[in-house]
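Participant: Take a look at the following structure, please.
The values are calculated or read from the model by the stated rules, or taken from the named source; none is laboratory data. Since this is a predicted model, take the numbers as computed values, not measurements. Because the Cβ atoms are built from the backbone with ideal geometry, glycine has one as well, and the counts that use them run over all protein chains shown.
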Amino acid sequence: MIKSLKGLSLLEFKNVSMGYNKGHDVLKDVSFKLEPGSMHFLTGPSGAGKTSLLKLLYLAHRPGRGEIIMFGRDVAKSPREELPKLRRRIGVVFQDFRLLDHMSAVENVALPLRIAGGSGAQINEHVEELLSWVGLKQRMQAFPSELSGGEKQRVAIARAVIRRPDILLADEPTGNVDPEMAERLMYLFVELNKLGTTIVIATHDNGLVSKIGAPRLHLETGKLLYLEGTRPPSEFLNQDGEFKI
Amino acid sequence: MSPSFDFLPSVKNREATKLLPWAMAIMVYLSALFAAGSLLLHSGFDEWASSLQGRVTVQITGEEKSAIMSEALEIQDELRGTPGIKSVRILSDEEISALLEPWLGSGNITDNLPVPVMIDLETSDDAYVNLDALESQVRQYSENVYLDDHARWLSHFYNLANTIEYTAFSILIMILAASICIVIFGTKSSMAEHKKTIEIMHLMGAQDHMIAKAYQNRFMIYGIKGGLGGLVLTLLTIYILFILIQNISEGLVEIPSFPFLTLSSLLLFPFFFAFLTMLTARVTVLRELGRMV
């Protein structure tokens, strides 16, 4: 998939503006381009429009003006019947996790695979492996109400990456976990990025941003500033798979 | 075709949809009862009307029993010779008493009661008998002779039966419309209850048809459960009513045996309602989802 997109941008915003209920625009004339396999942070103060930009990215909203080219299509104008297939190529880690309360951790993580029509045994094997990796092997059958904030976050991340999405969007993915788990999760994101997944992480954590050094999409009152990263993605990790600080 | 996946949580006590099978049971009960009433009325009336088809009653009244009897014998002979008439028969005193007994009571028919003599005549199936001409023909034997082919009051009865049937049909349509409204309300309420789940499914790439399928399957089960319950209640009610009518009308009207065949069409009601419920839920979900991006 990534190969077929080579030379094309995976995602491009062209003069995109967006507002709610005909109110004032929360995003103003936003333009940027993401190459396949890139990694970006989305930063900015509260109310700057980060969540709105993410909503456009995970196709929960359409822009008021402008074009959003995603996977070679203008999703701002695509018929809604086309959107589910595109959404399946996007993994999202929501800030409030959005786990389904009536499903166990393993069922929550399996959700994207079941939506895509995956078969039972294959799904379980894959899901259990990933949950073990995020340290939830003993909590697979637990329901969200029985999980701590950090555990919920890890389930949400596992659910977002289970289908190896082309684009992974994460809203404050390390906000509720301890520093060790935060590093482990960032390692997962960087590994996915190395495999070709385009990643956008919305965060307030300046420490994390400067540690990874990836370029930033910075929003200030709905306007976007593009800030170059301090190092290319290939240098995020050393040969031992640890972050270079 | 989207894969089937029941992602909805099991129904909790507080959910509005928990009451849906009960609502469907009541709707099936009412509609099946009206339909059964209409069907029984229709078939009963047809059967009865066809038994009167081609029959004419000749009534001869008078003070003197022997005089009217001799007039009746002359009229009988006259009618027997008339083309198009298949059979002519003077009813016996016992037969007339049996006809009057339900109205006057047993043993109240005395000899001094001015009971008319009655002749039952049956016309040939393919014959057209002019009742006025026939009346003029027999009037030469008695001034007090009346012919009745039951047409006038039968037409009133037809009108009444038709009105009852149309009313039952209109009520049936109203019940169906009310059922659709209940299912729409139940579906919307369930969607509001599971808004978060639906949104997540939607954002993860679930197609509208997948979400609709989960709803339509669940609502179809509600429809079948409620429908079967309603049908059992309907059949029970009809049976009880049937027994009661049989007891009350003993001797007045001949009641046929329990009409299993006529009522067998009612067995389709739960499945029809389940289908209606399923279809309504599906359309409602698709319309609601169509409002999302």
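Participant: Give the residue, chosen from A:Asp166, A:Asp178, that is in contact with a Lys or Arg (Cβ under 6 Å, 6 or more places away or on another chain) and either modelled with pLDDT under 85 or over 27 Å from A:Gly47 (Cα atoms) (or both).
Facilitator: On the way: A:Asp178 fails: in contact with a Lys or Arg (Cβ under 6 Å, 6 or more places away or on another chain).
Criteria check complete, one pass: A:Asp166.
Participant: Also: Within region B:169-189, identify whether any single residue is within 14 Å of chain A (Cβ to nearest Cβ), within 30 Å of A:Arg98 (Cα to Cα), among the small types (Gly, Ala, Ser) and not in a strand (DSSP E or B), and answer yes or no. First the steps, then the outcome.
Facilitator: As a first pass, look at region B:169-189 and keep what is within 14 Å of chain A (Cβ to nearest Cβ): none.
No.
Participant: Still on this structure, please answer the following. Which condition breaks for A:Gly117 when tested against (1) at the interface with another protein chain (Cβ under 10 Å from one of its Cβ atoms); (2) surrounded by fewer than 16 Cβ atoms within 10 Å (Cβ to Cβ); (3) farther than 25 Å from A:Leu195 by Cα?
Facilitator: (3)
Participant: With respect to A:Glu125, is the statement that it is over 20 Å from the mean Cα position of the chain (by Cα) and either at pLDDT below 90 or within 12 Å of A:Ile162 (Cβ to Cβ) (or both) true?
Facilitator: Details: over 20 Å from the mean Cα position of the chain (by Cα): yes; either at pLDDT below 90 or within 12 Å of A:Ile162 (Cβ to Cβ) (or both): yes.
Answer is yes for this residue.
Participant: For region A:15-117, please list each of the strands (runs of 3 or more DSSP E) lying entirely inside it that holds at least 3 residues being closer than 30 Å to A:Ala142 by Cα. Explain how you work it out, then say what you get.
Facilitator: Details: elements: A:25-34, A:39-43, A:65-70, A:90-93.
Those strands (runs of 3 or more DSSP E) span A:90-93.
Participant: Next question. Would you tally the residues in region B:201-222 being facing chain A (nearest Cβ under 10 Å), assigned to a helix (DSSP H, G or I) and farther than 15 Å from B:Arg287 by Cβ?
Facilitator: 3
Participant: While we're looking at this one, here's another question. Against the condition more than 17 Å from the chain's Cα centre (by Cα) and not polar (S, T, N, Q), how does A:Glu172 come out, does it pass?
Facilitator: Values: more than 17 Å from the chain's Cα centre (by Cα): no; not polar (S, T, N, Q): yes.
No, not satisfied.
Participant: Within region B:135-157, track down each residue that is touching a Leu at 6+ places or on another chain (Cβ under 6 Å) and over 21 Å from B:Glu95 (Cα atoms).
Facilitator: Of everything in region B:135-157, just one residue is touching a Leu at 6+ places or on another chain (Cβ under 6 Å) and over 21 Å from B:Glu95 (Cα atoms), namely B:Glu135.
Participant: If I filter region B:145-154 for residues that are within 14 Å of chain A (Cβ to nearest Cβ), aliphatic (A, V, I, L, M) and touching an Asp or Glu at 6+ places or on another chain (Cβ under 6 Å), do I get at least one hit?
Facilitator: Residues of region B:145-154 that are within 14 Å of chain A (Cβ to nearest Cβ), as a first pass: none.
No.
Participant: Quick test for you: out of B:Leu261, B:Leu241, pick the one residue that is at pLDDT 85 or above, away from chain A (no Cβ under 14 Å) and surrounded by fewer than 16 Cβ atoms within 10 Å (Cβ to Cβ).
Facilitator: On the way: B:Leu261 fails: at pLDDT 85 or above.
Only one candidate qualifies: B:Leu241.
Participant: A further question follows. Quick one: B:Ser106 ticks every box in (1) free of Cβ contacts under 8 Å to residues at least 24 places away in the same chain; (2) of a type outside the set (A, V, I, L, M); (3) under 30 Å from B:Ala177 (Cβ atoms) except a single one, so which number is it?
Facilitator: (3)
Condition check ((1) hydrophobic (A, V, I, L, M, F, W, C); (2) touching a residue at least 24 places away in the same chain (Cβ under 8 Å)) across all residues:
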| position | (1), (2) |
| --- | --- |
| B:Ser10 | no, no |
| B:Glu15 | no, yes |
| B:Leu20 | yes, yes |
| B:Met24 | yes, yes |
| B:Ser51 | no, no |
| B:Gly54 | no, yes |
| B:Thr61 | no, yes |
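Participant: Kindly evaluate A:Asp96 against the criterion of being within 18 Å of the chain's Cα centre (by Cα), modelled with pLDDT under 90 and closer than 27 Å to B:Glu193 by Cα.
Facilitator: yes
Participant: Can you tell me which of (1) out of contact with any Ser or Thr (no Cβ under 9 Å at 6 or more places or on another chain); (2) not assigned by TED's automatic domain parsing to the domain that holds B:Ile68 is the one B:Trp103 doesn't meet?
Facilitator: (2)
Participant: For region A:149-158, check the following and say yes or no: at least one residue is over 20 Å from B:Phe5 (Cα atoms), surrounded by fewer than 21 Cβ atoms within 10 Å (Cβ to Cβ), not assigned by TED's automatic domain parsing to the domain that holds A:Val209 and not charged (D, E, K, R).
Facilitator: yes
Per-residue answers, yes or no, for (1) of a type in the set (A, V, I, L, M, F, W, C); (2) in contact with a His (Cβ under 8 Å, 6 or more places away or on another chain); (3) modelled with pLDDT of 85 or more:
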{"position": "B:Phe5", "(1), (2), (3)": "yes, no, no"}
{"position": "B:Arg14", "(1), (2), (3)": "no, no, no"}
{"position": "B:Ala23", "(1), (2), (3)": "yes, no, yes"}
{"position": "B:Asp46", "(1), (2), (3)": "no, no, no"}
{"position": "B:Leu52", "(1), (2), (3)": "yes, yes, no"}
{"position": "B:Ile75", "(1), (2), (3)": "yes, no, yes"}
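Participant: Which pairs have Cβ atoms under 8 Å, sit 6 or more apart or on different chains, and link a residue in region A:146-157 that is over 12 Å from A:Val106 (Cα atoms) and among the aliphatic types (A, V, I, L, M) to one that is at pLDDT 90 or above and assigned to a helix (DSSP H, G or I)?
Facilitator: Every condition considered, the pairs that remain are A:Leu147/A:Ala105; A:Leu147/A:Arg139; A:Leu147/A:Val155.
Participant: Name every residue in region A:90-105 that is closer than 28 Å to A:Thr203 by Cβ, surrounded by fewer than 23 Cβ atoms within 10 Å (Cβ to Cβ) and more than 11 Å from chain B (Cβ to nearest Cβ), in order of residue number. Talk me through it step by step, then tell me what you get.
Facilitator: The initial filter retains those residues of region A:90-105 that are closer than 28 Å to A:Thr203 by Cβ, namely A:90-101, A:103, A:105.
Add one more test, that the residue is surrounded by fewer than 23 Cβ atoms within 10 Å (Cβ to Cβ), and what stays is A:94-98, A:100-101, A:103.
Of everything in region A:90-105, just one residue is closer than 28 Å to A:Thr203 by Cβ, surrounded by fewer than 23 Cβ atoms within 10 Å (Cβ to Cβ) and more than 11 Å from chain B (Cβ to nearest Cβ), namely A:Gln95.
Participant: Which condition number in (1) in contact (Cβ under 8 Å) with a residue 40 or more places away in the chain; (2) exposed (fewer than 15 other Cβ atoms within 10 Å of the Cβ); (3) within 14 Å of the chain's Cα centre (by Cα) is the one that B:Ala35 fails?
Facilitator: (2)
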